[in-house]
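Peer 1: My structure is below; once you've seen it, I'll send some questions.
The values are calculated or read from the model by the stated rules, or taken from the named source; none is laboratory data. Small disclaimer: the values here were computed from a predicted structure and weren't measured. Note that each Cβ is placed from the backbone with ideal geometry, even for glycine, and that neighbours are counted across all protein chains shown. To get the accessible areas, we keep the full protein, side chains included, count just its heavy atoms, and leave off ligands, DNA and RNA. Shrake-Rupley method; radii C 1.70, N 1.55, O 1.52, S 1.80 Å.
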Amino acid sequence: MLKRLRANHPLVYCLGAVALFLAAMFVGSLLLTLLLLGLAPWAAGPFLAEDFLFQAAVEAIGLAVPLALLWRSGRLGVFARRGAGFLDGLLVGVYPFVWLSLSLSVNLALVGPPEGAAVKAPWRIAAFFLAMFLIGLAEEALFRGVVAETLLAHFGPRRAGVWKACAVSGALFGLGHAVNLMSSEPVGVLIQCCVTAALGMLYAAIYYRTGNLWVLIFLHTLQDVAALINSGLYDGTATISEVVSSYDPSMLLSALLYLLPVFYLLRGSRLPLVAAFWGMDDAPEAA
């Protein structure tokens, strides 16, 4: 059934996958809260108060959705596909890798924690890194492994098809972050949606060029670690929802910075590689 839906109605399939993912995380967070309060009230306070530990648990619940969709559609092999290989894939994605590495360095060395902030306990720091990894794993499994790949199969590997798939998958990635309206200020969420839509196009372009999902999982994890590193390491810093609420229009510049390399990655002379990685026959002629 899922295979037929994916083949015959790919846009409906992708929208349904995103909606199911968000619903699973929303319902999962409510059930997890009720379960803790009902069965282990002594642990509920510390667990719920530790933002990143709770986030890790919710992301693990959400991860079940793309895993189930990939399994039922016979496509769990996306995790084993090597494509260009991990190191070569990082070379393709070197632009965001360097950008994110610099951002991480700046946040650690120049921004730093609030004055007098204490370093968190090791288990809380571990919870932060676990949450960042699970966010990257869950969202990349869904938005690249399920959505971007389905759209590429639908639109095809020629220039117009690749760009349509890239744009639609990016838009869905941005739209998926609208769920933060439940916990953050609307202006901040709107800006986040715009920026993540551009980032989603960049990640889709890298995925199409490399055929390696783990490259995107690594970059996505690095992105979140760089953005929230001080919150993960020190007490008295902003939570995830507070960080999103703080976004202002100046951040829209980063959307442009994400879009520029997409044109380079998806230039005509490299489109045959997209078709080759994805086993598509109607590849364009190499320039």
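Peer 1: All but one of (1) closer than 23 Å to residue 56 by Cα; (2) open to solvent by 60 Å² or more (accessible area, probe 1.4 Å); (3) under 21 Å from the mean Cα position of the chain (by Cα) hold for residue 226, so report the exception by its number.
Peer 2: Status for residue 226: all satisfied but (2).
Peer 1: Of the residues that make up the stretch 134-152, is at least one assigned to a helix (DSSP H, G or I) and surrounded by fewer than 16 Cβ atoms within 10 Å (Cβ to Cβ)?
Peer 2: No, the stretch 134-152 contains no residue that is assigned to a helix (DSSP H, G or I) and surrounded by fewer than 16 Cβ atoms within 10 Å (Cβ to Cβ).
Peer 1: Answer yes if at least one residue in the stretch 119-130 is touching a Gly at 6+ places or on another chain (Cβ under 9 Å), open to solvent by less than 10 Å² (accessible area, probe 1.4 Å) and in a helix (DSSP H, G or I), and no otherwise.
Peer 2: Yes, the conditions are met somewhere in the stretch 119-130.
Peer 1: Another question, if that's okay. Which residue is surrounded by the most Cβ atoms within 10 Å (Cβ to Cβ), if the candidates are limited to the stretch 48-79 and must be more than 22 Å from residue 13 (Cβ to Cβ) and among the aliphatic types (A, V, I, L, M)?
Peer 2: For the stretch 48-79, the residue satisfying everything is 58.
Peer 1: Taking only the stretch 246-268 into account, find how many residues are open to solvent by 40 Å² or more (accessible area, probe 1.4 Å) and not charged (D, E, K, R).
Peer 2: Summing the residues that are open to solvent by 40 Å² or more (accessible area, probe 1.4 Å) and not charged (D, E, K, R) in the stretch 246-268 gives 13.
Peer 1: Just the residues that are modelled with pLDDT of 90 or more and either surrounded by 11 or more Cβ atoms within 10 Å (Cβ to Cβ) or in contact with a Phe, Trp or Tyr (Cβ under 7 Å, 6 or more places away or on another chain) (or both), please, taken from the stretch 82-98.
Peer 2: Matches in the stretch 82-98: 85, 86, 88, 89, 90, 91, 92, 93, 94, 95, 96, 97.
Peer 1: Can I ask one more? Inspect all residues belonging to the stretch 99-107 and state whether any of them is open to solvent by less than 10 Å² (accessible area, probe 1.4 Å), farther than 22 Å from residue 67 by Cβ and either at pLDDT 95 or above or among the aliphatic types (A, V, I, L, M) (or both).
Peer 2: Checked the stretch 99-107: at least one residue is open to solvent by less than 10 Å² (accessible area, probe 1.4 Å), farther than 22 Å from residue 67 by Cβ and either at pLDDT 95 or above or among the aliphatic types (A, V, I, L, M) (or both).
Peer 1: What is the residue count in the stretch 123-140 for residues that are charged (D, E, K, R) and more than 15 Å from residue 235 (Cβ to Cβ)?
Peer 2: The total comes to 2.
Peer 1: Suppose we filter 98, 78 for residues that are among the β-branched types (Val, Ile, Thr) and without any contact (Cβ under 8 Å) to a residue 12 or more places away in the chain; which single one remains? Give the derivation first.
Peer 2: Working: 78 fails: without any contact (Cβ under 8 Å) to a residue 12 or more places away in the chain.
After ruling out the rest, the residue left standing is 98.
Peer 1: Looking at the stretch 78-101, which of its residues are assigned to a loop (DSSP other than H, G, I, E, B), touching a helix residue (DSSP H, G or I) at 6+ places or on another chain (Cβ under 7 Å) and hydrophobic (A, V, I, L, M, F, W, C)?
Peer 2: Result: 84, single match.
Peer 1: Restricting to the stretch 179-217, and then to whatever is without any contact (Cβ under 8 Å) to a residue 24 or more places away in the chain and open to solvent by less than 30 Å² (accessible area, probe 1.4 Å), can you tell me which residue is farthest from residue 95 (Cα to Cα)?
Peer 2: Going through the qualifying residues, I end up with 193.
Peer 1: Among 263, 218, which is the only one that is assigned to a helix (DSSP H, G or I) and more than 16 Å from the chain's Cα centre (by Cα)? Give the derivation first.
Peer 2: Details: 218 fails: more than 16 Å from the chain's Cα centre (by Cα).
That would be 263, the only listed residue that is assigned to a helix (DSSP H, G or I) and more than 16 Å from the chain's Cα centre (by Cα).
Peer 1: Consider residue 171 against the criteria (1) closer than 22 Å to residue 261 by Cα; (2) aliphatic (A, V, I, L, M); (3) open to solvent by less than 10 Å² (accessible area, probe 1.4 Å): it satisfies all of them except one. Which criterion is unmet?
Peer 2: Of the numbered conditions (1) closer than 22 Å to residue 261 by Cα; (2) aliphatic (A, V, I, L, M); (3) open to solvent by less than 10 Å² (accessible area, probe 1.4 Å), the odd one out for residue 171 is (3).
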